[in-house]
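Written below as structure tokens is the structure these notes are about.
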Amino acid sequence: MSKLHAWAVWVFVAVLVAYLVSVRRGPQQVRRAAWILLAITLGQGLIGYVQYFTGLPALLVGLHMLGSALLVAGSTRVVLTTRTRA
Ligand code: HEM
């Protein structure tokens, strides 16, 4: 399940990179939010691999959950920067 989980992450990274390419000439706040999301994703992925290869130490699992919450917040931010309030 961890490997399947990691593969899904790589698909997410690929989609995110494609998104970054597609918005490279778009509004600055959209690009900024997407770059921040990429940074969160790579940090979260790094924690994921380290915890996987070190027997799931509690501290790293906790950080992985924090990263997961940050990733949801970062994704929401990307969506919100592409919209204006009615
Ligand atoms: C975008 C990146 C990632 C996100 C959002 C994410 C999110 C999560 C979440 C929400 C869980 C808890 C699942 C549950 O308990 O039901 C989890 C668990 C786990 N993740 Fe990730 N993950 C990411 C990347 C990775 C990567 C790259 C690996 C490397 C193999 C990894 C390895 C693990 C492992 C081993 C667990 C089980 C931890 C435990 O049960 O104590 N994760 N991840």
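Cβ-Cβ distance below 8 Å, separation of 6 or more or different chains: which pairs start in region 56-68 with a residue that is surrounded by 12 or more Cβ atoms within 10 Å (Cβ to Cβ) and end on one that is outside any helix (DSSP H, G or I)? Going by the 8 Å Cβ cut-off, the qualifying pairs are L60/T54.
Yes or no: region 75-85 includes at least one residue that is of a type in the set (V, I, T) and open to solvent by 90 Å² or more (accessible area, probe 1.4 Å). Working first, answer last.
In the first step, residues of region 75-85 are kept if they are of a type in the set (V, I, T); the result is 76, 78-79, 81-82, 84.
Add one more test, that the residue is open to solvent by 90 Å² or more (accessible area, probe 1.4 Å), and what stays is 84.
The answer is yes; a qualifying residue exists.
When the residues of region 30-53 are filtered to those that are more than 14 Å from the ligand (Cβ to nearest atom) and open to solvent by 100 Å² or more (accessible area, probe 1.4 Å), the one that is farthest from L80 (Cα to Cα) is W35.
Among the residues of region 9-26, the ones that are within 14 Å of the ligand (Cβ to nearest atom) and more than 19 Å from T76 (Cβ to Cβ) come to 4 in all.
For W7, are the conditions met, namely being open to solvent by 60 Å² or more (accessible area, probe 1.4 Å), of a type in the set (F, W, Y) and out of contact with any helix residue (DSSP H, G or I) (no Cβ under 9 Å at 6 or more places or on another chain)? I'd like the intermediate steps shown before the answer.
Numbers: open to solvent by 60 Å² or more (accessible area, probe 1.4 Å): yes; of a type in the set (F, W, Y): yes; out of contact with any helix residue (DSSP H, G or I) (no Cβ under 9 Å at 6 or more places or on another chain): yes.
Yes, satisfied.
Kindly establish whether L63 is out of contact with any Ser or Thr (no Cβ under 7 Å at 6 or more places or on another chain) and modelled with pLDDT of 95 or more. When the stated conditions are applied, L63 passes them.
The values are calculated or read from the model by the stated rules, or taken from the named source; none is laboratory data. Computed from a predicted model, the values in this text were never measured in an experiment. Cβ: placed from backbone, ideal geometry, glycine included. Neighbour counts: every protein chain shown. Just the protein is used for accessible areas: all its heavy atoms, side chains included, with ligands, DNA and RNA removed. Shrake-Rupley method; radii C 1.70, N 1.55, O 1.52, S 1.80 Å.
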